[in-house]
Each structure stands twice: as C-alpha cells, then as structure tokens.
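Chemist: Take this structure first; my questions come after.
The values are calculated or read from the model by the stated rules, or taken from the named source; none is laboratory data. From a predicted model like this one, the values you see are computed outputs, not experimental measurements. Reconstructed Cβ throughout: ideal geometry from the backbone, glycine too, with neighbour counts over all protein chains shown. We work out accessible area using only protein heavy atoms, side chains counted, and drop any ligands, DNA or RNA first. Shrake-Rupley method; radii C 1.70, N 1.55, O 1.52, S 1.80 Å.
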Amino acid sequence: MQGGSTGIVYGGLKYQARCIADVKADANNTSFLAGTLSLKEENEVHLIRLSPSAAELVCEGLFYHPGEIWDLASCPFDSRLFSAVFASGETNGAVIWKIPELYGQSNSHLWNNFILWWPIGKHDKVISIDEQNLFLWSLDCSRKIAEVQSQESVGVLHHLSGGAWDPHDRNTVAAFCDSSLQCWDLRTMKKTNSIELVHVRDADYNPNKQHIVATAEDETGIHLWDLRMPNFPFSELPGHAHWTWAIRHNPQYDQLILSGTDSTVNLWLTSSNNSDDSTSESQSDSPTQKMDPLLNSYTDYENSLNNSAKKNGRYAWSSREPSMFASLSYDGRVVVESVKSYLPRK
Amino acid sequence: MDEKAKRTRELLASFYSTEASTAGRAVPVSPSRVATLDSINSPSFDPDVYMNLLHVEMAAEIKNLDTDLQMLVYEITTNSSNNIVGMEANMEQLLEKIISVQSKSDGVDTSLFAKREKIEKLHRTRNFLRKIQFIYDLPGRLQKCIESEAYADAVRFFIGAKPIFEAYGGSSFQECKISSEETMKLVIENLKGKLYSDTEPIEARAEAVVLLKQLNFPVEDLKNKMLDKLEDFLLDFHKESKRMDHQCLPDNIPDSERRLIELAQDLFTKRYETIQQRITEQLSSEALMLALRDIWSDVSLMDQVLPEAALPVISLEASRGVIKKYITGAFSALLRYVSEALTGPQTSPKGTEEQRTLQTALESSKKAVIQGSMDCLLDFRHLLDDTFELVTKMRDLIVDWVQEGFQDFFKALNRHFLMLCGKIDIIKNRVNAAEGFRAEKVQTGLVLVLAQLSIFIEQSAIPRITEEIAASFSGGGLRSYEYGPAFVPGEICRLFRSASSSFLQIYITMRTQKISTLLKKRFMAPNWIKHKEPREVHMFVDLLLQELHGVGAEVRQLLPSGLTQRHHRTESTGSTNSSRSNPLREDKISRSNTQRARSQLLESHLAKLFEQKMEIFTKIEHTEESIVSTIVKLSLKSIQELVQLQTLNRSGYQQIQLDIEFLKNPLKEIVHDEAVIDFLLKEVTNAAHERCLDPILWRRRSSTSSSRQSWSRTRSRIPGK
C-alpha cells in the first residue's frame, strides 16, 4: 500500500519549507509547527492542528518570521514557546518565541545551527549548538531573558551540524559533526564519549532505552549504537537510495524508527532487544532475525506540482498520538500519516 | 602565475581600494555593506563595525583559499606523475651502463679461466690422496671401534669405504678389504647378539636393527623371528592368565589380563593418533586408507588372541573419528587455499599493474574454488570406492559428512568474504569485529573481485558441485530420512546472490563516500554569499571527473559493459505505460481526481516526471554501466542537496551554472543514459536558482567558450584520457 491513502494533507504553506516540529506540550490536540524557507518573501510559521475527527489539518495560527527558518523546536512544557534557527542574508541566529507575541531574542551568534530543548518535562535550560561551540542557556520565562550559563568550544576541526539531548540524563548531550558523534557532559563541559563515524546527518536517542542512539549517515545508511560499546554498531539498516536526512524513534514504540530522504520516509522495525549482550547473541541465531526490517515506505505524492516537490526527509512523530507522524515536503506540503497498522502488538 | 598575480591584486583591491576597483570586481553585495567598507575614508568611520566586516570577509577568503589549497595539492600530485615519466628515461640510461659493466666482467672471467682449472685439478688430487690414506687405516680403525663398542662409527666408516672396495677390492686394496670384512663380520655378530638379548634396552636394540639394515643384512628374517617370539610370548602370557583366571574368583579380573588389554588398547589408540597427526599434513585419501587398512589387519590379528579387548569396536570408533577429521580438514584447507588465491597477489596494485592483478585475482580464485572443490570430491570418492570393509560400514556417514562439509564450507566462505570487506556479521563476530572493524582500509578492487566471485560461485560452481555430489554422494545418509540432504544448493545460491549484490552496494558506498567528501569540501567551505565572479571552471569538476574515470577503469576490468541492458532500460523509461508502475499510478490519478481537479495535460506531464524520478535509482546490476551510472547519479544528487543548503549570490550561482554546464558533456560520455543526467543536472541548477538572492543567468556565449577552454585543459590534465 502506498502512502497517501491514509495521509491527511495540509497545503497552507506558501513557500518551500524544511522544518516541522511536534508541539509536545499541547496535551489536548495533535499539533505541529512548520516554518518556511524563502529567500525573498516573508517567511511564516504555521501552527497546524489535527481536527478532532482526525479528518483534516487546520491552521491554528500563522506568524510572520524574519529570515528563513532552518530549524524549529517546540518547548516540551509550554506549548506557546518554540525556538527557531533562522538565516537572513549573512546573519544567522536563533530565537525563542512566545505565541502570539515576540518573546525575546536569545542570541544572535553567527552560524548558530541548532537549538535543543530538554526532551521531557520542565527544565529551565536550553542548549544551542553552532559550528564550533556548545552553549548551555539558562532560560527565565518570567523575565523574558536567556543567559549563557556555560560554553565550550569544540575546536576548529569539528564543524558541529546538530545534536540530541539524552532524555535519560539531562547532563549528557550528543553532538555530531562530519567525522564523529560526541557525547558531552554539561556539568564539566567535557567530552565523555565519541563514536567515529563519517558524514552523520542526524542522531536520535531512544526515548525508552538508555544508552541507545540511532544515527543517520549520508552514504552508509542507519546504524544503531549502544553508547557503552562505541566501537561498533549493534545493528544496521540499509537506509535510502541517497542520503538519510533524519531519524526518529517513535516516542512510545521504541522499536519503530522513521528515517527520511528526499523522496521517501521509511518506517523500520528494529530488533526488539539490544541493550543486553547475551540476549542479542542468542537472537542472532534464530531465523526470525532475517526478517525484513522495512515496514513501509511513504513515497512521493503524485500531485506535487513541480520537480522540486518532494519530501525533504523532515518529519515529526506526534507525542500525543504516537501512531501519527507528520511529514513535510520541500514544497511546503504537510502530510499526517498513521502507522497504526504497523504497530507491534504489546 | 598571471592569474595568481591578478588574484592577489584583486584581494588587495577588495580590502583597500575605493569605488573604482570594487566596481571592477562586480560583486553584488548589499548596498549597506559597500557603504561601510568604504567608510574608512569617510567621517562616519566606525572602527568596530569595520573590523567586524573585515573579519567576516577575511574568514570567507580564508575558506576560499583553503579549498583552493586542497585543489592545488591535487594538481601537484598530478604533476609528480610527469616526473616519473622523466625517471623512466634515466632508468634506461642506467640499464645501458649496467650492461656494459657486465660485459667487462665477463671478459675478466674468461681470462682467468685456465688458471682456475689448474687449481681445481690440484685440489681433486689432494682429496684423492686423503681417501687412500683413509682406506689403509681402515682395519685398524674398525678394530678400535669394536673394542670401544662404537658400532655405529664402525658401520659408518665401512659404508664410506665400500664403493672403493667394490671398485678396486680385487687389486690394490685386496689386503685391506679382506681384513676390514673380517672385522665387520665380528661387528654383525655382536649386533645380532645385542638384538636378541632381552636385557639390552629397547633403544639399543632398535639402533642395532638400523645398523644391520645399513649393512644390507636381511632384516626381514630377523623381524619375523622377533614377531614370532613376541607372539609366543603373548600366547604364553594369555594361557598363563587364562589359567590364573580359572584359579581366581570369577568376578575378580586378573590384573595381568586387564593390563594387557589396556596395553593393547593403548597401542592402537596411539596408532590412530599418529594418523590424525598426519592428516594435518595434507594426506591423500589413498595414503589414509592404506594406513587404516594396516591397522585394521593388525587389529584382526590381535582380536583373535585377545577378544576381550574389544579392539574392533574401538578401532571402528577411532576410524570414524579419523575419517571425519580428514574430511573437515580437507575443507578447511580448501578455504585457506581460496582465500590465499584471493588476497595473495593483491600486494602491489598501481596503475597498469592493478589491471592485471584484479583480473588474475578473480581468475585464480575462481579456479581455486572450482578446482579445489573438484579435487576434494575426487579425493573423497576414493574413500567411498574403497572396498575395505570398515569403510563400507561407514558409507552413509561419509556421504553425510561430505555434504555437510560442503554446506559449512560455503557458509564459512561467505563469512570470510564479508570479513574481507570489513562488513562482518556484526553481532555474531563481535569479538573479531572489535579488532578488525575499521582497522584496515578495504581495497575497492577486492570488493569488486568478491562481487564477481560470488556470482561465479552461485552460477557455475554450485551447479557443478551439486551435479558431482548427486552422481557419487547421493542417497545413503541416515540424516536424509529425517532432515533431507545436508547439502542444500538453493540455500547456498541465495546466500551468494545476496552477498554479491551487497558487495556491489559496498563498492558503490565506498566510492561515493570518497566523492562526497570532495563535494562537501567544495560546497560547505566557501562563503557563497561573497562569491567572486566566476573566472573558470572550478577545480572540483576535474577531481570529480577523475574520480569517475578511476571508477570506470576499475569496474571495466571485471564487469561486462552492459550496454544492452541500458538500451532496454531507457526504452522502458521512455514509455509512459510501463507495466510495473502502471497500476500504481492509476490508483494515484484516480485519487488525485477526487482531491483536486487538475487538467489532464498537467497530470500526464506530472506522471512523466514522477516516473522519471522513480527510475533514477534503479536496481544495481552487475555491469559497468549500472555501477558507474549509479555513482554518477548519487554524486549529482549530493551536489543538489549541498547546493540547497547554501545561500548564493549572483556570482556563486553563475559559478555553479558554469561548472554544471561543463560537467554535462563528460558525464554523458561516462553515462549513456542522457535523459537522467540532463534531469539531474537541471535539478542542480534549479536548486542553485532557488537558493540565489539575485539569480541572473550567466551569458551563454562566454560560458561555452570558457567551458571549451577548460575542457581542453582537463584533457591535457587527465592522463590516459
């Protein structure tokens, strides 16, 4: 079955778009934020909500945003807060916004690439990552200011391109660059662990199992790692025809992994157990291990209008409804899909 | 040089000069920024802002210089190959000199020849005189040996002198001969006495036999006598123990008999152990059978006198073990043989030599697989054909072992191949993985060889072996009633089929990874918003093309070009009603109709685009065309994605446009599927257009002339093209 049959389409974004985020703190609705990427027009952030009947996607809010939006993240404890990484000409920075009014500009560093929120629950810290630095910000919502609490330069040789905050340990953050994935301890601001890996595009902690990280790479596909054994991955998935842009564990069913490239989003089922050595050893001998891990591939939609209409591998699981995810095409179409039929039986 | 000077001037100008030269640069920066850079001379000069801007600009410049540097390093490496050509001429001169030196030395050699001859003659005479002296001294010497019981020395001396006695014993040395022989007779008598005396230690007796044998004494008689004696001894012993048995209580087994049984069993176990040891030295099956028969006949003899030892049972058990070990040993030797054929000649891959080694590696490993397996089978057939009763009892077992052996052998071979690629079954070989995971760089050529070898095993080797097994190792097995035959060719074929395609995938990944690194350096490093007006095609184009030519050259050695398949594929791409994607698309069309009303024209236009997209990454086939085009497509796709991450100014856009324009023709020479290349290149320029702040097309005429210029430059740069 091709994707799209269950997909609910939102065509409200006028321009190309690269980022979509799940609004975690909104407990009553399944909603997402999407931001546009247009060099010349005024860019927008859309707050998109799934109607209660789950039949259509409604635009709940539309906010103009200065500069192109390269990344969006929603605050996990306040649905009105979100962060955006923007670029406008040569300047480049990150902002934390409060809906509906401007909340406050957190910084305006050059080449600020990434903002991370503590993934679960309330935490007054935010991490921002630029090419060579890691910043830990202390956020004061009432006074509308954010201050740099600590900072660490990782050196000129590494060009950090993103990161993930360990949901099991709020003192650990994983940042990745072209040649490795590095774990940093936020208390000491020291590197604690590193995995040698080429061309990492994205990384994601398993929200339900500690030490497990999935990485997406340009050429070599997807690898699953146990951070206690950084020398070799415990599992690998073939990935996509071209670069694998993004990877996300399902917030509830941690065996389900979504990965995306420019024309498809793939849904994978990983082997259920891996953190324990002995069990994985015995599993590998059983014939069921040879099962195809690919559950479904959600490909292009035919009514995209031009060549550049394609998924850019950006998508977000809904944390409220873990069987739903929203994906975003480069031409700005948002599609919400359900993976209910693929859920493993608990 | 000229260009460099220009560039330096330009750089200086960009920092210090006023309006006039900046206009000459024609870098379209935002007006506010130009104003601030110029403000150094104006009253509103703000040093902080100015320094900031300068810093940013310098950073951009540094990045540009960095990329240029990398490209220059590449240029230097290409130049050094020219130096090597120069070296060749020098080497030829050297060779001439060496030849002349050699001819001179030959002259010296001939002039000294006569003298050397004389010296040699004198030397021979001296040796002869020494020998004569020895003969005359011999009788006395032998006598001395007897006195000191040094029989070994005596025998050695006598044998040394024997040829001379045979030649001249009738004449000059008669006296010597007679007296020596007298003495030797005494020696033989003494030795015999030693042999028969039970008091002598066994080593001394063995030594005596050896010495007697050296003296051509008929040892066989002695042996028979000895054996008779031993048998008498055993029989006596047996009778005696029987008698004792009757005398003792029935349940109390006499100690002596138990010990005898133990001794006999021990003896045969030891003999089987010796055979097992010999197996590791690659014994042939005939030799093995001979040895087993030998023991078996002894076992039967012993069994007649000592049935209580149950020797035949032990012996059957032991021979089973021996034969099984023999078969597994043969398979592991085969595995070693194949892997040596694969990796052996891979040590010096460079230039034209590589071409030879890749092919020879493939050919020799193909031969190793098929020939090795056939030899093994032939060898095992000898086992089965043997009429020896022990083996006939084990026929079914042997059939099973051979089948199992092949099954395990091919599985092990497959694992070995994966390990050679550094792509190990990660979980299973965790311990090995820790050591070798990325310890060494895998050679791309080897991966290709493995891909082809896997295909060969699947398509040729397995069917032949299956045939052979069916002919001589079929039926029988006890196992086959319950589980079916142990050798499952279908399973092995599947294993190698999937292995060969994953090897191709690994090859492509390795190659694209390298290209990706190149492209990333090119597109991520420079500041595209401050790009200078394009002067020429960027160096990365040359590098990319050279990489692709390298891939082509490597793949061509081993894989068929596969142009027929390509033709077939382009046809299917062209037809809008491909049977594969048809139902799918109809489904989509009908759905889209319900969703939105779009004109029929748009639909078909779109469908075409859609299908073309679907065809970009086709299944990888074992052909040169398929592999090279996949790598090209992946590279172009990477360029597109990288461009989409940048924001360009007009010059940056034009630079990309120029580079792409220039790539077009060479790429079409490499990949014959023009439609796809056109499509992907257009995607790149479209992406650049979208990401450009001020997209104005590069003038066509200057672009073509410039690209032609660079084309000729590249032609001269890439050797062999």
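Chemist: Being out of contact with any Asp or Glu (no Cβ under 9 Å at 6 or more places or on another chain) and either of a type outside the set (Val, Ile, Thr) or open to solvent by 20 Å² or more (accessible area, probe 1.4 Å) (or both): is that true of residue A:37 here?
Modeler: Considered against the rule, which asks whether it is out of contact with any Asp or Glu (no Cβ under 9 Å at 6 or more places or on another chain) and either of a type outside the set (Val, Ile, Thr) or open to solvent by 20 Å² or more (accessible area, probe 1.4 Å) (or both), residue A:37 comes out as no.
Chemist: Considering each of B:276, B:282, B:304 in turn, give the residue that is at pLDDT 70 or above and open to solvent by 70 Å² or more (accessible area, probe 1.4 Å). Let's see the steps before the verdict.
Modeler: Working: B:276 fails: open to solvent by 70 Å² or more (accessible area, probe 1.4 Å); B:282 fails: at pLDDT 70 or above.
Going through B:276, B:282, B:304 in turn, the sole match is B:304.
Condition check ((1) under 13 Å from the mean Cα position of the chain (by Cα); (2) surrounded by fewer than 17 Cβ atoms within 10 Å (Cβ to Cβ); (3) modelled with pLDDT of 85 or more) across all residues:
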site: B:343; (1), (2), (3): yes, yes, no
site: B:347; (1), (2), (3): yes, yes, no
site: B:354; (1), (2), (3): no, no, no
site: B:371; (1), (2), (3): no, yes, yes
site: B:380; (1), (2), (3): no, no, no
site: B:394; (1), (2), (3): no, no, no
site: B:407; (1), (2), (3): no, no, yes
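Chemist: Out of all the residues in region A:244-264, is one or more open to solvent by 20 Å² or more (accessible area, probe 1.4 Å), free of Cβ contacts under 8 Å to residues at least 40 places away in the same chain and at the interface with chain B (Cβ under 9 Å from one of its Cβ atoms)?
Modeler: Looking for residues that are open to solvent by 20 Å² or more (accessible area, probe 1.4 Å), free of Cβ contacts under 8 Å to residues at least 40 places away in the same chain and at the interface with chain B (Cβ under 9 Å from one of its Cβ atoms), one finds none in region A:244-264, hence no.
Chemist: What about residue B:441, is it in contact with a helix residue (DSSP H, G or I) (Cβ under 6 Å, 6 or more places away or on another chain), open to solvent by 30 Å² or more (accessible area, probe 1.4 Å) and at pLDDT below 65? Don't jump to the end; show me each part of the working.
Modeler: Details: in contact with a helix residue (DSSP H, G or I) (Cβ under 6 Å, 6 or more places away or on another chain): no; open to solvent by 30 Å² or more (accessible area, probe 1.4 Å): yes; at pLDDT below 65: yes.
Answer is no for this residue.
Chemist: Checking residue A:75 against (1) farther than 16 Å from residue A:36 by Cα; (2) modelled with pLDDT under 80; (3) open to solvent by less than 20 Å² (accessible area, probe 1.4 Å), which single condition isn't satisfied?
Modeler: All conditions are met except number (2).
Chemist: Here is a follow-up. Which of the numbered conditions does residue A:91 fail, given that it passes all the others? Conditions: (1) open to solvent by 50 Å² or more (accessible area, probe 1.4 Å); (2) touching a strand residue (DSSP E or B) at 6+ places or on another chain (Cβ under 8 Å).
Modeler: Here residue A:91 clears every test but (2).
Chemist: When the residues of region B:514-552 are narrowed to those that are of a type in the set (A, V, I, L, M, F, W, C) and either modelled with pLDDT under 85 or farther than 15 Å from residue B:632 by Cα (or both), which ends up most open to solvent (accessible area, probe 1.4 Å)?
Modeler: Step one: filter region B:514-552 for residues of a type in the set (A, V, I, L, M, F, W, C), giving B:515, B:518-519, B:523-525, B:528-529, B:537, B:539-541, B:543-545, B:548, B:551.
Among the residues that remain, those that are also either modelled with pLDDT under 85 or farther than 15 Å from residue B:632 by Cα (or both) are: B:523-525, B:528-529, B:537, B:539.
Working: B:523: 5, B:524: 92, B:525: 24, B:528: 4, B:529: 23, B:537: 3, B:539: 36 Å².
It comes out as B:524.
Chemist: With (1) open to solvent by 40 Å² or more (accessible area, probe 1.4 Å); (2) at pLDDT below 80 as the list, and residue B:52 as the residue in question, which single condition is left unmet?
Modeler: (2)
Chemist: Of the residues in region B:648-693, how many are open to solvent by less than 10 Å² (accessible area, probe 1.4 Å), of a type in the set (A, V, I, L, M) and not in a helix (DSSP H, G or I)?
Modeler: Total satisfying the criteria: 2.
Chemist: Right, residue A:107: modelled with pLDDT under 80, crowded, with 21+ Cβ neighbours inside 10 Å and more than 14 Å from chain B (Cβ to nearest Cβ) or not?
Modeler: no
Chemist: When you scan region A:166-191, how many residues do you find that are under 17 Å from residue A:138 (Cα atoms) and modelled with pLDDT under 85?
Modeler: The initial filter retains those residues of region A:166-191 that are under 17 Å from residue A:138 (Cα atoms), namely A:170-173, A:185-189.
Going one step further and asking which of them are modelled with pLDDT under 85, we end up with A:170-171, A:186-189.
Looking only at that region, the number is 6.
Chemist: How many residues, within region B:502-511, are open to solvent by less than 10 Å² (accessible area, probe 1.4 Å) and within 9 Å of another protein chain (Cβ to nearest Cβ)?
Modeler: Going through region B:502-511 one residue at a time, the tally reaches 1.
Chemist: What are the residues in region B:125-153 that are without any contact (Cβ under 8 Å) to a residue 12 or more places away in the chain and either open to solvent by less than 60 Å² (accessible area, probe 1.4 Å) or in contact with a Lys or Arg (Cβ under 9 Å, 6 or more places away or on another chain) (or both), if any?
Modeler: Answer for region B:125-153, where residues must be without any contact (Cβ under 8 Å) to a residue 12 or more places away in the chain and either open to solvent by less than 60 Å² (accessible area, probe 1.4 Å) or in contact with a Lys or Arg (Cβ under 9 Å, 6 or more places away or on another chain) (or both): B:132, B:140, B:150, B:153.
Chemist: Limited to region A:185-206, what total is found for residues that are within 21 Å of residue A:73 (Cα to Cα) and more than 14 Å from every other protein chain (Cβ to nearest Cβ)?
Modeler: 5
Chemist: Evaluate the following for residue A:32: is it touching a residue at least 60 places away in the same chain (Cβ under 8 Å), of a type in the set (A, V, I, L, M, F, W, C) and open to solvent by less than 50 Å² (accessible area, probe 1.4 Å)?
Modeler: On the way: touching a residue at least 60 places away in the same chain (Cβ under 8 Å): yes; of a type in the set (A, V, I, L, M, F, W, C): yes; open to solvent by less than 50 Å² (accessible area, probe 1.4 Å): yes.
For residue A:32, the condition - touching a residue at least 60 places away in the same chain (Cβ under 8 Å), of a type in the set (A, V, I, L, M, F, W, C) and open to solvent by less than 50 Å² (accessible area, probe 1.4 Å) - is met.
Chemist: Could you tell me whether any residue of region A:148-162 is assigned to a loop (DSSP other than H, G, I, E, B), at pLDDT 80 or above and either of a type in the set (Phe, Trp, Tyr) or more than 16 Å from the chain's Cα centre (by Cα) (or both)?
Modeler: The answer is no; no qualifying residue exists.
Chemist: Can residue B:288 be described as within 30 Å of residue B:158 (Cβ to Cβ), at pLDDT 75 or above and surrounded by 11 or more Cβ atoms within 10 Å (Cβ to Cβ)?
Modeler: no
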